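The values are calculated or read from the model by the stated rules, or taken from the named source; none is laboratory data. None of the values given here were measured: they were computed from a predicted structure. Cβ: placed from backbone, ideal geometry, glycine included. Neighbour counts: every protein chain shown.
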Amino acid sequence: MSLCHDYGPNGRAIAWETTIGAQRRGNIHVKEGISENEFAVKRKARDATLELPVLIFQSLQVNVRAGQMPPSESNGACYLKMPINAF
């Protein structure tokens, strides 16, 4: 199976493929034996320590369109828009 994101933490080589078995054995968040509640607690604690990803606004605009760029505007150009004072 293909991965979505991998950042090669702690010097580990970046991976672009894995198996369900490998994830069940070694995924730090969703491995075998982790309950839904344990997962939620771990993720909330970890997520609270993370900064907003640098390209989050650009990524979301493409991701919500299933990989397609935003539609062209009246001048024929396609734009990724950034909020100025939202964050």
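Of everything listed in (1) in the same structural domain as residue 22 (by TED's automatic domain parsing); (2) more than 30 Å from residue 22 (Cα to Cα); (3) among the aromatic types (Phe, Trp, Tyr), the single unmet condition for residue 79 is (1). Among residues of the stretch 35-56 that are in the same structural domain as residue 81 (by TED's automatic domain parsing), none has a beta-carbon under 6 Å from a residue that is hydroxyl-bearing (Ser, Thr, Tyr) and in a helix (DSSP H, G or I) at least six positions away or on a different chain.
Filtered by the rule that a residue be loosely packed, with under 10 Cβ neighbours inside 10 Å and of a type in the set (A, V, I, L, M), the stretch 65-81 gives 66, 77.
Table: residues versus (1) at pLDDT below 85; (2) assigned to a loop (DSSP other than H, G, I, E, B); (3) small (Gly, Ala, Ser).
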| residue | (1), (2), (3) |
| --- | --- |
| 5 | yes, yes, no |
| 21 | no, no, yes |
| 24 | no, no, no |
| 31 | yes, yes, no |
| 45 | no, no, yes |
| 51 | no, yes, no |
| 69 | no, yes, no |
| 85 | yes, yes, no |
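Just the residues that are charged (D, E, K, R) and loosely packed, with under 10 Cβ neighbours inside 10 Å, please, taken from the stretch 10-33.
Filtering the stretch 10-33 down to residues charged (D, E, K, R) leaves 12, 17, 24-25, 31-32.
If the condition is that a residue be charged (D, E, K, R) and loosely packed, with under 10 Cβ neighbours inside 10 Å, then 12, 17 are the ones that fit.
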